[in-house]
Structure formats: structure tokens, C-alpha cells
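*Asks:* What follows is a structure written as C-alpha cells; I'll ask about it next.
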Amino acid sequence: MEAPLLHLALVGTPNSGKTSLFNALTGSRQKVANYPGVTVERKEGFFVTPLGRQVSVVDLPGTYSLRGRSPDEEITRDFVLGKASGERMPDLVLCVADSTNLRLTIRLLLELKRTGRPLILVLNMFDIASRRGITVDVERLARELGVPVVTSIAVRKGGTTELLKLTDEISAKLDPEPQENTWRALSVAELRATQREADRIIADCVSLPSRPDTWTARIDAVVLHPVGGLLVLALILFVMFQAVFAWAQPLMELLNSGFDALGELVHDTLPAGLLQSFLQNGVISGVGSVTVFLPQIIIIFLFILLLEDFGYMARAAFLMDRIMGGAGLHGRAFIPLLSSFACAIPGIMATRVIDNKRDRLTTILIAPLMTCSARIPVYTLIISAFIPARDVWGFINLQGLVMFGLYATGIVSALLVSFLIKFFMLRDYAPAPFMLELPDYKMPRPKSIAIGIFTRAKMFLQRAGTTIFSMMVLIWFLASFPQPPAGATEPAIDFSLAAIIGKAIAPLLAPVGFNWQIAVALIPGMAAREVAVAALGTVYAIEGGKEAAEQIGQALATKWSLATALSLLAWYIFAPQCASTLAVIRRETGSWIWMATTFAYMLVLAYAASLLTYNVAVALGAG
Amino acid sequence: MTDDDDTRPHMPLGLAQRGYTGVIQHLSAKGTGSALPDIELESRLIELGFVEGARVEILHEGIVGRDPIAVRVDNITIAVRRREAMAIIVA
Ligand SMILES: Nc1nc2c(ncn2[C@@H]2O[C@H](COP(=O)(O)OP(=O)(O)OP(=O)(O)O)[C@@H](O)[C@H]2O)c(=O)[nH]1
Ligand SMILES: [Mg+2]
């Protein structure tokens, strides 16, 4: 008879390597990074032990106790205590410890013992502990705790062999009778007593040479310096945005000419007609115009992944805590907001680590104002068409500078909105405490960075292949039908549905300087921001007709005034052009109202900003 | 605990300067002005390892009002605001 599926759960203090262990056991690629609070969801995976036992393992958010103070910690508590609806309790809990820092985990383990669940203590990151000269008397520790103990190195091949062996041994003799759960929230006195007990056991079983991580201390001396630290942070962000613009350029030009050549090939080989137009204008111009931004997307993710893996994120939160506090934001909001530069969706999910409800809500509301990577195509396209590629002060690329300005405007307006929320809606605001562990720095591991980038690039291309592609088919169709009547002298597109729709909306957008082509591109842009670029590509390609071999950027430069271009940039800083973000806001706040609020306030800001930009630009003679 | 800990004056960690080292004497969450209820604040501090007898050192300070502080507690580093650190009495 086959043994039933064994249910494991990974529990432990934040940043102890639970997700790394989960990935090592199951071969998954869940997000791992060097700061507390990376995992905010429950994830299940499967594997088979060396002895052939089928296992389901659940990765959980890190927590210091089972009290569940924030939404992510509640997930862990409910799962371990079997409160999660329709969930069975785990057969065996793996309590994962960072071996260089056992105090807090052993306290947690003593608390976990009260749940009556069978436990294993996994001393993870044992490589780092050994390197620092920490020695653990594993057998004695197991005896004193009354729990099996095993060492592991989650990020090394074969680093989980011992753990697998132990799992097999233990699962063979698990007591089918469930033990009583005597857990209840610990009183202060009990907490103190368990911490004392933990400290006593550690004193007995672990020898700590007083050799702290000197690297971390040395780097922190610079990076956490009150003034120097902020300069370093500003420099990192500046280099990141410059890089997005400057480094990616050669590769993007390569991709661009590739798509152009492909388009021309299609143009030359196929007979003129609908199929030729569909492939060249719909598919290649549309999807191609978005795909060329892949290098930029990769660069921004590279920066964020490096910062995350190195251990810088928690430091940045430390530096920004009081500064953001002035705008009514919590220090813990920094990491979600910085992640929103990649995409607001994981950023909004990451706010689960913020325990105060109002702090969390404010962060969710402003996260979409951070310049996400989907805005990059729009910004880049317009900037390269309208802003000369000069150097200012000899070394700063003017286009990069404008890009930085757009990012900065997003950040500043997010802070302003947060300030207004604090001022008008949450008058009795009392700053919730900021308590965050600053982990030791770790050398980013090339493999994990590569996997991270590969995953994001794949997602981006998949989107180009699905969402963007289907939107393109739609736009191409709207822009091509109905066909003009015979003998018509105007351009064919003037008779199309796209022109009819665009011209119907255009009067609304005329005050901000948008023409009907922009109006029509903004509609599919609701699905995903970068679709607008693709839609413009298709509309202008069809409008240009056969001789429109020029790239979309050149087309824009001849068809728009500078004022219109600037106005569209301003629009994109604010406009709520992303259906998935709105859906996540609805889910995470559990309310339609906050979703509607976000949509409304962003739309109002977008219109106001564009109106202002357009009129000022026209007044200055850029009309 | 060393002998001179007994003779040093007790003070809240929230008032200590950068570079200060000492040993936690007790926790007293009353009247710190933290937004958390006293019991909750004390529980959280204990959960982060701030218990009697733990060695602490202030490693870094923020720029606004020298706040927050990065505190070494035994062998981990925790960032807290001075307001909450007022509950940690050291000597
Ligand atoms: N050297 C070494 N590094 C490790 C080991 N296990 C994990 N790490 C690193 O430790 C950091 C944290 O790992 P995660 O797996 O994200 O930790 P976690 O427990 O899931 O963290 P949360 O989800 O935030 O609770 C990452 O930088 C990992 O690369 C290990 O055994 N050895
Ligand atoms: Mg994790």
C-alpha cells in the first residue's frame, strides 16, 4: 500500500531561507531575496523523498511568533494552527533557522512546540555559520529541545540531503494520533521566559566566536551614514535610471532594425493586400514596437534584483523611514514602493508586511504612481522622438535626465498624495512603530539573478505574445475596416472604425493636446500601458500606407507638436492605465471603493497634469 | 553582566548616542508615546531579542532627529525608532 501524501510546512523567522529551501526541495523558482518579508503568500510544491514518499510542502511568510500581527504573519499562523479554511494541518513542521542567528528561531520553536505538531529544527545557512566559526552541538541541541535537529545549506547542491534523510526517518514513525494543541497567544511573562530558555539552551549548545561579519560593518559604515548613506541611495537610483536609458540603447537599436527588416521582408514577399497589412502593420509594427524594450526591462530588473539579493533594501528602508514619515508613510513602505518601479502588482502585494492598516492602505494607493516598467516603452518612445540626445555638463545624457525627471515626478507626486491622505483623511495619525531586522550582506548569486531576470523577461515576452498581440489584432482590425469606398481621396484610415471612435473621444482630450490617434491608442492602453505604444505603431503604420517604412518614433516626431508629446508624458505619469493593478488593489484592500478611488484620483491627476503641461508648453511656443 | 553595569546609571536606549554600548536592564513600555499598546510593544521588543541581559550597541542613526537607530542586539542588527527604544532601559 502506498503511504499517503506527507504534508510539510516551512515556518521560521523572516529571511532564514525558507523559500530557498522550498525551491531546493521542489525545484520551483519562487522569489528569494535578502531582506525580511519577501514571501507574503502561501505556496505549495511537491517532491518525492529518496525513499519514495510523496510530499507536499508549503512555503509560508516568515514570522517571529504565532501572534499574527500583519496580514502575511496571519497566513502563517492560520496555516500552522489549521485555521485556514479547508486546510489540513501539516503532518510535520520544518522550523527553519538562520544558523548565524539562532536566538529568535529557538524562541519561535519553543512556541511552536505548544501546537503539538511534530517538528524538525533545520539549521539553515550552515555554510555561513561555519565560515564565521560558529559551532553547534547538534545532538545536544536536539536533546535539550526535544526536537530532531538537522543542518542544511539551501543554496548549495546536495545541501538538503541530511534533511531529506531525516524526513524519511521521521515520517515512517509519525504518530497517527494527533497531539493536543495547547497553543495560545503568549503573555509578556511567558514570552520573556521562553526567550530566557532559548538563550540558556543556546549558551549550552552553540559556541559563538565574537567575530561579527566585518564586511557588513564596513559597508554599513558608509551606506548607513546619515548623510553619506542618502547620497549613496540617490546615486544608486540615478545610475539605475540613467542605465535604463543609456545602456540599453545599442541593443534596442539592434532589435529595432531587426523588426524593420522583418517588416520589409513581409512587405516585399507578400502581395499587397490585407494579409500583408495585417502581418506588417498589425503584428510586426505592433508587437515589435513593444518587444524592442526588452533590454530596458532587463536592466531595471537587474538593478532591483542585485539590490535585493545584496541586502540593501532593508538599509534603504532604514534611511528613508523618517523622511517618508514626513509624508505620512511608514519606513516599511519603502521596499514595496521600490519594487513598484518594476511593477506595481508585486509592490502592492508586498505591502502585506505593513501591520498598520492605514499605513498599508496609503502605500497601496500610491504604489501605482511609481514609474513601473510598462511605462518605459511609452517614455522612451516619446523621449527619443522629441528630446535631442545631447550631453549636459559633459557626462549626463539629456534623454536620461528627462527620464530621471519623469521618475522623480512620479515619486514626488506619490509623496504629495500620501501627505494629503494623511492631512485630510487620517487626521489622528500616530506613526506606527518601525522595527526591521537589517540582515548581513550576502554576495548576490549569479544563478539566482539569472533565474530572476529570465523569469521577468519571459513574462514580458509572454505578455507581448498574448495581451499585446490580441490588442494589436483588435486595433489593426479597427484601423483597417471598413475599407474606404472606391474613389475616395482621403487616407483609408479616415473611414475606419478606429477613426470614428478616436474622433468621438478626441474632443474630450483636445484641451490636453491629444489627437484622435492618441485617443484611440489610450483605450487598449487600459489593458496594459505599453499597448498604447503598439497601438500608435499600428495606427500610424496603416495611416502612412505603403511608403511608411519609417519607424514609429520618426512618424511621431513629424506628426505631433512638442507640446502634445510633453502632455502625453505627463498623462502617463499619473493615468490609471492598468487593469491588473486595479484588480490587485481591489483584492488586497477587499473593497471596490478603494479601487474606484485609485482610478478616479489618478485620472483627475493625469488630466490636470496634461492640461497644465500642454498649455504651458503652448504658451512657451512649443505648440 | 560585568560589575560596572551595576554602577552605571540606568537610561532608556532611546536617549543613547551612536556608539553607546550597554546591557538591557529591563523593559518598561509605559509612557513611551508609541502608537502601540504597552503590552504589544513589550511583546514585539522581546520577539526581536530585546530581553534582560542582552548586550546592545547603537551602530547607526538616521538623519532626521538622529532617528531611527540601528541597534546591535547580541549578533543581529535591528532598526527601531527612538520612540520605541525608550521602552528599553539599559545601563
Ligand atoms: N549562504 C547561504 N545563503 C542562503 C542559504 N539559504 C538562503 N540563503 C540566502 O538567504 C536569503 C534569504 O533567503 P529566502 O529564502 O528569501 O528567505 P525566507 O526565509 O524565504 O525569507 P522571507 O520570505 O522574507 O521570510 C537569500 O539571499 C538567500 O540567497 C544558505 O543555506 N546559505
Ligand atoms: Mg520566503
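The values are calculated or read from the model by the stated rules, or taken from the named source; none is laboratory data. Because the structure is a prediction, the values reported are computed rather than measured. Ideal geometry is used to build each Cβ from the backbone, glycine not excepted, and the neighbour counts take in all protein chains shown.
*Asks:* Anything in the range A:169-189 that is surrounded by 15 or more Cβ atoms within 10 Å (Cβ to Cβ) and within 10 Å of chain B (Cβ to nearest Cβ)? List them, or say none.
*Replies:* Selection gives A:L186, A:V188.
*Asks:* Can you name every residue in the range A:33-57 that is surrounded by fewer than 23 Cβ atoms within 10 Å (Cβ to Cβ), within 13 Å of ligand 2 (Cβ to nearest atom) and under 29 Å from A:P4 (Cβ atoms)?
*Replies:* If the condition is that a residue be surrounded by fewer than 23 Cβ atoms within 10 Å (Cβ to Cβ), within 13 Å of ligand 2 (Cβ to nearest atom) and under 29 Å from A:P4 (Cβ atoms), then A:E41, A:R42, A:K43, A:G45 are the ones that fit.
*Asks:* Read through the list (1) within 18 Å of B:R81 (Cα to Cα); (2) in contact (Cβ under 8 Å) with a residue 60 or more places away in the chain, then give the number of the only condition that A:A333 fails.
*Replies:* In the conditions (1) within 18 Å of B:R81 (Cα to Cα); (2) in contact (Cβ under 8 Å) with a residue 60 or more places away in the chain, A:A333 misses (2) alone.
*Asks:* Give the residues of the range A:576-607 that are within 13 Å of A:T409 (Cβ to Cβ) and without any contact (Cβ under 8 Å) to a residue 60 or more places away in the chain, sorted by residue number.
*Replies:* Hit for the range A:576-607 is A:A606, nothing else.
*Asks:* Kindly indicate the residue of the range A:348-375 that is of a type in the set (G, A, S) and at pLDDT below 90 and also surrounded by the most Cβ atoms within 10 Å (Cβ to Cβ) among those meeting that condition.
*Replies:* If we take residues in the range A:348-375 being of a type in the set (G, A, S) and at pLDDT below 90, then A:A374 is surrounded by the most Cβ atoms within 10 Å (Cβ to Cβ).
*Asks:* Pick from the range A:98-148 the residues that are surrounded by 20 or more Cβ atoms within 10 Å (Cβ to Cβ) and among the small types (G, A, S): which of them is nearest to ligand 2 (Cβ to nearest atom)?
*Replies:* Filtering the range A:98-148 for residues that are surrounded by 20 or more Cβ atoms within 10 Å (Cβ to Cβ) and among the small types (G, A, S), the one nearest to ligand 2 (Cβ to nearest atom) comes out as A:S99.
*Asks:* Please find, within the range A:110-168, the residue that is farthest from the other protein chains (Cβ to nearest Cβ) out of those that are among the polar types (S, T, N, Q), within 15 Å of ligand 1 (Cβ to nearest atom) and assigned to a helix (DSSP H, G or I).
*Replies:* A:T161
*Asks:* For the range A:554-589, give me each residue that is in a helix (DSSP H, G or I) and of a type in the set (S, T, N, Q).
*Replies:* Within the range A:554-589, A:Q554, A:T558, A:T564, A:S567, A:S580, A:T581, A:T589 qualify.
*Asks:* A:V292 versus (1) touching a residue at least 24 places away in the same chain (Cβ under 8 Å); (2) within 14 Å of another protein chain (Cβ to nearest Cβ): which is the lone unmet condition?
*Replies:* It fails just one condition, (2).
*Asks:* Take the range A:435-467 and flag every residue that is among the charged types (D, E, K, R) and either within 16 Å of ligand 2 (Cβ to nearest atom) or within 14 Å of chain B (Cβ to nearest Cβ) (or both).
*Replies:* Residues of the range A:435-467 among the charged types (D, E, K, R): A:437, A:440, A:442, A:445, A:447, A:456, A:458, A:463.
Those that are among the charged types (D, E, K, R) and either within 16 Å of ligand 2 (Cβ to nearest atom) or within 14 Å of chain B (Cβ to nearest Cβ) (or both): A:E437, A:D440, A:K442, A:R445.
*Asks:* Taking the range A:204-230 on its own, how many of its residues are away from chain B (no Cβ under 11 Å), part of a helix (DSSP H, G or I) and not aromatic (F, W, Y)?
*Replies:* Adding up the residues that qualify gives 5.
*Asks:* Does the range A:255-270 contain at least one residue that is in contact with a Leu (Cβ under 8 Å, 6 or more places away or on another chain) and not in a helix (DSSP H, G or I)?
*Replies:* Yes, there is a match, as at least one residue in the range A:255-270 is in contact with a Leu (Cβ under 8 Å, 6 or more places away or on another chain) and not in a helix (DSSP H, G or I).
*Asks:* In the range A:21-32, which residues are within 8 Å of ligand 2 (Cβ to nearest atom), of a type outside the set (V, I, T) and in contact (Cβ under 8 Å) with a residue 60 or more places away in the chain?
*Replies:* Within the range A:21-32, just A:K31 meets the criteria.
*Asks:* Something else now. Please find, within the range A:423-440, the residue that is modelled with the lowest pLDDT out of those that are out of contact with any His (no Cβ under 8 Å at 6 or more places or on another chain) and buried (at least 20 other Cβ atoms within 10 Å of the Cβ). Give the derivation first.
*Replies:* If we filter the range A:423-440 for residues that are out of contact with any His (no Cβ under 8 Å at 6 or more places or on another chain), which is where we start, we get A:423-430, A:433, A:435-440.
Retained after the next criterion (residues that are buried (at least 20 other Cβ atoms within 10 Å of the Cβ)): A:433, A:435-440.
On the way: A:P433: 87, A:M435: 93, A:L436: 94, A:E437: 95, A:L438: 95, A:P439: 95, A:D440: 93.
Taking the candidates together, the pick is A:P433.
*Asks:* Here is a further query. Based on what the data block shows, is A:L94 surrounded by fewer than 22 Cβ atoms within 10 Å (Cβ to Cβ) and touching a helix residue (DSSP H, G or I) at 6+ places or on another chain (Cβ under 9 Å)?
*Replies:* no
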